[in-house]
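J.: Would you mind keeping the following structure in view while I ask a few things?
The values are calculated or read from the model by the stated rules, or taken from the named source; none is laboratory data. Keep in mind that this is a model prediction, so the values were computed, not measured. With ideal geometry, Cβ positions are generated from the backbone for all residues, glycine too; neighbour counts draw on all protein chains shown. Ligands, DNA and RNA are stripped out before the accessible areas are found, and what is left, the full protein with its side chains, is counted by its heavy atoms. Shrake-Rupley method; radii C 1.70, N 1.55, O 1.52, S 1.80 Å.
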Amino acid sequence: MNFTLFKSYSLGIFLIMSVYSFGQAESQKPKLVVGIVVDQMRYDYLTRFDKHYGSEGFKRLENEGFDCQNNHFNYVPTYTGPGHASVYTGTTPQNHGIISNNWYNKFEKKDVYCAEDTTVASVGTANNSVGQMSPRRMKTTTVTDQNRMHTQMRGKTIGVAIKDRGSILPAGHTANGAYWFYGANEGRFVTSTYYMENLPNWVNEFNNKKKPESYMKVWDTYKPIKEYIESGSDLNDFEGGFRGKETATFPYDLKELGATNGGYDILKTTPYGNSLTTDFAIAAIDGEDLGKDADTDFLAVSYSCTDYVGHNFGVNSKEIQDTYIRLDLELARLFKALDQKVGKGNYTVFLTADHAAVNVPAYLTSLKIPSGYFKGSEFNKELSAFVAQKYGRDDLIENISNYQVFFSYEVLANENINAENLQKDIKHFALQYNAVDKVYTRAQMEQGAYESGIASLVQKGFNQKRSGDVFIVLDPGYLSGGGTGSSHGSAFSYDTHVPLLFYGNGINKGKTTQKTVIPDIAATISALLGIEFPNAVTGDVISEVLK
């Protein structure tokens, strides 16, 4: 054969085979999906602090992945428990049942916690209450559950967070393990007997390294504080700070302050708790051999400390800016480990938040922006007195919590009192109250179908069996509580607008300003993996995201 012809022929075959092989690689499922939830992350943290971020953290996801810039929660309340559950179940509290972090259980006649489970015990600590946790109060499956079932339980799921609920709810009912941090005087990652009887060797080895001790050091700004022009002054009247330190200003000596701030628990309210989370997540990749075989594994990571810092110092603080600058470095460290251990192109990442947060109302008031504080305890007393006076009984209301009023239906039945009439009377009373914007009743939630507006978000957060009978919506910019730190929970955009970034195997490069909602995440990842959707999914596949 003519040598020139042979070379041309060989090159042609090589190019054809290369294209074919490339197509095969692109069609393969990721070996590992890494779900990242950043607790209390507002969307504008991506833009406000943009110039301080490096190229390998948030910007790697933005520049090489897909950015959903108009992503929102489509229900209330915007809290941590419901947020994590909604990201992974692909639905809202209306279906998955996690209606708050804590709520009044009208059947048990007591307050319950979203992840509590007294039928299980702690693993990894002698403090039994720390580990009496499981996902049993979540009523639906998660995308992580569906992946486990699709792979005949060969694909692994591991949950990692500082907060128990941030690990447990994303990992689902079928997880191989969910781990959370117990600070106090121990500084250990723990779990419960729901998952296992003993900690795996890799977790024991991690705990024995006493990593938390290395983070009990001085917290100062990563960059010179004068460069932090995207946040307010360091010394102001709107921050909480730590016990034992007169002002909420840098630097913070964590070793010294630990004694009066819960020992190792102080790390939760610093960026170093996020560093500890990254350390443990990387240890999990190694310890569980995640992404090493043909069955897709799932690593659910929640960075909890951003929420603690926001609650303490507020969304406009130097502390929150420093926390996000440092979180960007943690993401870069995690992605580098994934490149090395799983291989770039072999994994898929999504990053979002469980809710956002409002500026400190006292700060907003100082700028003449309508805002303030709802006096919840006073409202509860006055409402109870109003009902007692009108109906001649003081036991018609069983509980008032989470801006919901729960009736005692046994008493209503015995006294032949019409529940809808009581709902209307309470609604009329509450609407006269300062800082109350809207009030909805159980009858409205059950009989109406709201497609837009605040009522739609209330309805998607309404669980017919678990929720109360009257629902109160505060004015924009209002919170319950004191005058320092930020919080969340409302249906307004400052609480609902959060990042949503996709990156890696099977993900297009691009961005959209079309509205997406949190339940879309689980649907989209399910479509990427070719698995059955979670069993109560209400979200849609974001088709632009997928190749």
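J.: Among PHE502, PHE462, PHE492, PHE471, which is the only one that is closer than 30 Å to ASN236 by Cα, buried (at least 22 other Cβ atoms within 10 Å of the Cβ) and not aliphatic (A, V, I, L, M)?
T.: Values: PHE502 fails: closer than 30 Å to ASN236 by Cα; PHE462 fails: closer than 30 Å to ASN236 by Cα; PHE471 fails: closer than 30 Å to ASN236 by Cα.
Answer to the check: PHE492.
J.: How about the range 365-382: which of its residues are on the phi > 0 side of the Ramachandran plot and without any contact (Cβ under 8 Å) to a residue 40 or more places away in the chain?
T.: Across the range 365-382, the qualifying residue is only LYS368.
J.: Right, next: Can you tell me which of (1) over 30 Å from GLN340 (Cα atoms); (2) within 22 Å of the chain's Cα centre (by Cα); (3) β-branched (Val, Ile, Thr) is the one THR278 doesn't meet?
T.: In the conditions (1) over 30 Å from GLN340 (Cα atoms); (2) within 22 Å of the chain's Cα centre (by Cα); (3) β-branched (Val, Ile, Thr), THR278 misses (1) alone.
J.: Let me ask something additional. Across the range 312-338, what is the number of residues that are in contact with a helix residue (DSSP H, G or I) (Cβ under 8 Å, 6 or more places away or on another chain) and more than 19 Å from TYR228 (Cβ to Cβ)?
T.: Number satisfying all stated conditions: 7.
J.: With respect to TYR45, is the statement that it is out of contact with any His (no Cβ under 9 Å at 6 or more places or on another chain) and of a type in the set (Ser, Thr, Tyr) true?
T.: Working: out of contact with any His (no Cβ under 9 Å at 6 or more places or on another chain): yes; of a type in the set (Ser, Thr, Tyr): yes.
Taking the combined requirement at face value, the residue satisfies it.
J.: Taking interchain pairs and intrachain pairs at least six residues apart, which have beta carbon atoms under 7 angstrom, with the first residue in the range 383-398 and more than 17 Å from TYR409 (Cβ to Cβ) and open to solvent by 30 Å² or more (accessible area, probe 1.4 Å) and the second part of a helix (DSSP H, G or I) and of a type outside the set (A, V, I, L, M, F, W, C)?
T.: LYS390/ASP425
J.: Among the residues of the range 164-178, is there at least one that is of a type in the set (Val, Ile, Thr), under 24 Å from ILE518 (Cα atoms) and touching a Gly at 6+ places or on another chain (Cβ under 6 Å)?
T.: Start the filter on the range 164-178 by keeping residues that are of a type in the set (Val, Ile, Thr), which leaves 168, 174.
Then keep just the ones that are under 24 Å from ILE518 (Cα atoms); that gives 168, 174.
Cutting the leftovers down to touching a Gly at 6+ places or on another chain (Cβ under 6 Å) gives us none.
Looking through the range 164-178, none of the residues is of a type in the set (Val, Ile, Thr), under 24 Å from ILE518 (Cα atoms) and touching a Gly at 6+ places or on another chain (Cβ under 6 Å).
J.: If we only count helices (runs of 4 or more DSSP H) wholly inside the range 52-128, which ones have 3 or more residues that are open to solvent by 30 Å² or more (accessible area, probe 1.4 Å)? Even if it seems obvious, please write down each step before you answer.
T.: Numbers: elements: 58-64, 80-89, 93-96.
The qualifying helices (runs of 4 or more DSSP H) are 58-64.
J.: Now, a different point. How about the range 372-382: which of its residues are open to solvent by 50 Å² or more (accessible area, probe 1.4 Å) and over 22 Å from LYS424 (Cβ atoms)?
T.: TYR373, LYS375, SER377, GLU378
J.: Another question, then. Only residues that are assigned to a loop (DSSP other than H, G, I, E, B), among the small types (Gly, Ala, Ser) and touching an Asp or Glu at 6+ places or on another chain (Cβ under 7 Å): list them for the range 486-529, please. If you could, list the steps in order and put the result at the bottom.
T.: Filtering the range 486-529 down to residues assigned to a loop (DSSP other than H, G, I, E, B) leaves 486-492, 498-499, 505-506, 508-509, 513-515, 518-519.
Subset that is among the small types (Gly, Ala, Ser): 486-487, 489-491, 506.
Matches in the range 486-529: GLY489 only.
J.: For GLU116, are the conditions met, namely being more than 18 Å from the chain's Cα centre (by Cα) and on the phi < 0 side of the Ramachandran plot? Steps first, please.
T.: On the way: more than 18 Å from the chain's Cα centre (by Cα): no; on the phi < 0 side of the Ramachandran plot: yes.
Considered against the rule, which asks whether it is more than 18 Å from the chain's Cα centre (by Cα) and on the phi < 0 side of the Ramachandran plot, GLU116 comes out as no.
J.: Does ALA259 satisfy the condition of being in contact with a Gly (Cβ under 9 Å, 6 or more places away or on another chain), more than 18 Å from ALA161 (Cα to Cα), of a type in the set (A, V, I, L, M, F, W, C) and assigned to a loop (DSSP other than H, G, I, E, B)? Step through it out loud before you land on a result.
T.: Values: in contact with a Gly (Cβ under 9 Å, 6 or more places away or on another chain): yes; more than 18 Å from ALA161 (Cα to Cα): yes; of a type in the set (A, V, I, L, M, F, W, C): yes; assigned to a loop (DSSP other than H, G, I, E, B): no.
No; evaluated as a whole, the condition is false for this residue.
J.: Considering only the range 279-297, I want to know if a residue exists there that is touching a Leu at 6+ places or on another chain (Cβ under 6 Å), open to solvent by less than 50 Å² (accessible area, probe 1.4 Å), in a strand (DSSP E or B) and of a type outside the set (S, T, N, Q).
T.: yes
J.: A further question on this structure: Would you mind finding the one in VAL349, VAL405, VAL387 that is of a type in the set (A, V, I, L, M, F, W, C), under 28 Å from the mean Cα position of the chain (by Cα) and more than 23 Å from VAL76 (Cβ to Cβ)?
T.: Details: VAL405 fails: more than 23 Å from VAL76 (Cβ to Cβ); VAL387 fails: under 28 Å from the mean Cα position of the chain (by Cα).
Just a single option satisfies the conditions, and that option is VAL349.
J.: In the set GLY81, GLY131, GLY124, which member is at pLDDT 95 or above, small (Gly, Ala, Ser) and on the phi > 0 side of the Ramachandran plot? Can you show your working first?
T.: Numbers: GLY81 fails: on the phi > 0 side of the Ramachandran plot; GLY131 fails: on the phi > 0 side of the Ramachandran plot.
The match here is GLY124.
J.: Out of (1) part of a helix (DSSP H, G or I); (2) buried (at least 24 other Cβ atoms within 10 Å of the Cβ); (3) of a type in the set (Ser, Thr, Tyr), the odd one out for SER302 is which?
T.: Single failed check for SER302: (1).
J.: I need every pair where a residue in the range 318-344 that is within 16 Å of LEU299 (Cα to Cα) has its Cβ under 6 Å from the Cβ of a residue that is β-branched (Val, Ile, Thr) and open to solvent by 10 Å² or more (accessible area, probe 1.4 Å), sequence separation at least 6 or different chains.
T.: Pairs found: ALA337/ILE282.
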